[in-house]
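First up is the structure itself, then whatever we jot down about it.
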Amino acid sequence: MRVTKWTAANVVLAAVALTGGGLAYATVGTPSAASSKSVTRTATIASGTVMTTVSSTGNVTAPNNVNVNFGTSGTLTEIDVKVGQIVKQGQVLARVDSTAAKASYDSANAQLASAQANLTELQQGVTPLVKQSLQISNAQASQQVVSAKTALTNAEQNLGFDKTNLAAAITKAQQQLATDQASAAQDATTLQLAVTQAQTQSSNQLTLDEQQLSADTTQESTDQSKKATDCAVTPVTPSSTAACDADTQAVTKDGLAVTKDQTTVSNDENASGVTNAENSLAAGELRDQQTIQNDQTAISNAQTAQAQGLAKDQQSITNAQQGVTNAQLSLESTENQNAQKTAAPLASAVQTDQAAIEQAQAQVDTAKTTLDATALVAPAAGTIGAINETVGQTVSAGTTSSASTTGSTTGSSSSSSSSAFITLTNLTDLQVVADVDEADASKVVVGAPATVTLNALPTQEFAATVIAVANSSTVVSNVVEYQVTFELNNTNPAVKPGMTASVTVTTAKADGVLNVTSSAVHTAGGTSYVLVRQPDGTQKQVDVVVGLKGDTTTEITGAVKAGDVVVLPATTIATGTGTTGTTTRTGTAGLGGGGAAIFGGGFGGRPGG
């Protein structure tokens, strides 16, 4: 590509951006002789935008344009032309979904046919078949009255049945309560008698056991006295010893008997039989009380069921009565309407049907216009300059507008193609045509965004879009170039045709990706890697996958993250004359999103690009 003032300016700006982007040198030490040393450069992995651009120069042109829009809204189903295609007046350019419009058109025709049939029927009178149909409808309405009366009779019968059955349920529940109350009284008498008997038996047994305890205690005292006498005999003889031993055994036996008697008396005093009888009495009373409570609940439920059932039956009767009234009104209405249908038509009715036909015809005409508008046709012959929608998108209805130009350098445009579905060139709208060398032209695609600056307005930038890339080339100074046409999104009246323009085209862009200064990425044996500086100052080789290679930075993915410091290839720099010490240099990656970039295609990476 030719080197222009724009290219030279890019080089200067890139140098300034690199200086401001984080490259810094610092030298400390004492005066010494001039020397050189190898320094370690670093860069930081960032998250941002990586892009590549192509730059060129050209001129603003002013071909006439027509902004062509659909006359109706809808979903775009087909585009029948391409950018750069020459079309004839009346040629179909695109279509939107015509399903709804076709349905509306068919519906309007059906309504028109129905209105015409109504007028014909009104004028001709009813046919025998229609009369028969009217008779059937009268009979059906009469039958509905009969059915409604039958429903009322059934509802009244249900009320009588429910009165009897629900009252019987209450009586049954009351009888059950009386039976259970009598049973509870009998249980109370029986269980109380069992308690009394248990108490009497326990008292009698306690008396007997206390008498036995007293007898055994007296015997124990007698045997203890005899033992004291027999064991005190002196001198001790075999017979006295035998008597003493016999007395000891008797006292021991007496103690066991007394202990047993005491236990028996204690058990009698606890009266377990009495406790069991009392427990049975309490349990029986509780059981009978629960039964009576259940019976009372059953009576309450039966009374509630009676109230609800009778209310429901009464509501059914009310509904049935209303049904009879409605059926009778429906019968009267049907008979009245059918009588009107068999009567001679009124003049006002004929006029009404005729007006309905006129209205239906107007709806047909409107629907036909809407249906025709689903096909967009060229209003004039020309070349397709831009297509601003794609198949599947929803387009809005608009107007087709045109503007004229009076010359290549003095013309002006009164409309912008940004509001058009299709821009038909050879009318008005400003464009920029630039020559791009063959290496860069292969990267430029239709629809790519671009930025335009004008020598006459150096402080402003204008957005543009590639609308055409020429298929044939030209040779300038032994350089093969292709003409690229940019649609200029210009609203500034100061922009004039013929002005010199510099254009920067974004050929590739990746937003929000990890990136690093391109020189930090090494490739060997088909594998790419970066050298990540570790906390202890050592370097670790980390394999990465290279994505988009931008003007100054490269997109990478792998076991790295934003903020990682990577080591750049070492360089040897002069430390300066008269000083010794350490020289350090650091760099920051991520310039593609906010700095400058230089590569074979030109200058890119401007802020917000």
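Each value in this text was obtained by applying a stated rule to the coordinates, not by laboratory testing. Computed from a predicted model, the values in this text were never measured in an experiment. For neighbour counting, all protein chains shown are included, and Cβ atoms are generated from backbone atoms with ideal geometry for every residue, glycine included.
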Inset, instruction - Quick one: grab Rg to one decimal and Dmax as a whole number for segment 142-223, Cα atoms only, in Å. - result: 35.5, 119
Inset, instruction - Sort 244, 231 so that the residue with the fewest other Cβ atoms within 10 Å of its own Cβ comes first and the one with the most comes last. - result: 231, 244
Legend entry - residue 400 long-range amide H proximity, modeled H, under 5 Å: 69
Inset, instruction - Tell me which residues come under 5 Å, amide H to amide H, from residue 548 once H is placed; ignore anything under 5 positions away on its chain. - result: 555
Legend entry - Label zone at residue 396, where the point sits 7 Å out along the Cα-to-Cβ direction: segment 83-120 residues whose backbone N lies under 19 Å: 96-97
Legend entry - 3J(HN,Hα) from dihedral phi, segment 468-474, Karplus parametrisation 6.51/-1.76/1.60, rounded to Hz, x for glycine, proline: 6, 10, 4, 8, 9, 10, 10
Inset, instruction - Please say if segment 56-185 is rounded, prolate or oblate, where rounded means a/c under 1.5 for a ≥ b ≥ c the square roots of the C-alpha gyration tensor eigenvalues, and otherwise the choice is prolate for a/b larger than b/c and oblate otherwise? - result: oblate
Legend entry - R0 of 51 Å, Cβ-Cβ distance residue 208-residue 301: FRET efficiency to nearest 0.05: 0.35
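Step by step: find N for segment 133-326, compute 2.2 N^0.38 Å, then divide the Cα radius of gyration by it. What's the final number?
2.60
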Inset, instruction - When a/c is below 1.5 the answer is rounded, else prolate if a/b is larger than b/c, else oblate, so apply that to segment 177-284 with a ≥ b ≥ c taken from the square roots of the Cα gyration tensor eigenvalues. - result: prolate
Legend entry - Linear extension gain, residue 80 paired with residue 132, 0.36 nm per residue minus alpha-carbon span: 13.0 nm
Legend entry - Over 25 Å between alpha carbons, listed pairs 102/131; 226/253; 82/549; 82/443; 509/540; 227/260: 102/131; 82/549; 509/540
Legend entry - Theoretical gain in end-to-end length, residue 368 to residue 494 [0.36 nm per residue, Cα-Cα removed]: 40.8 nm
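Cα gyration tensor of segment 264-340, axes a ≥ b ≥ c as square roots of the eigenvalues: rounded (a/c below 1.5), prolate (a/b > b/c) or oblate?
prolate
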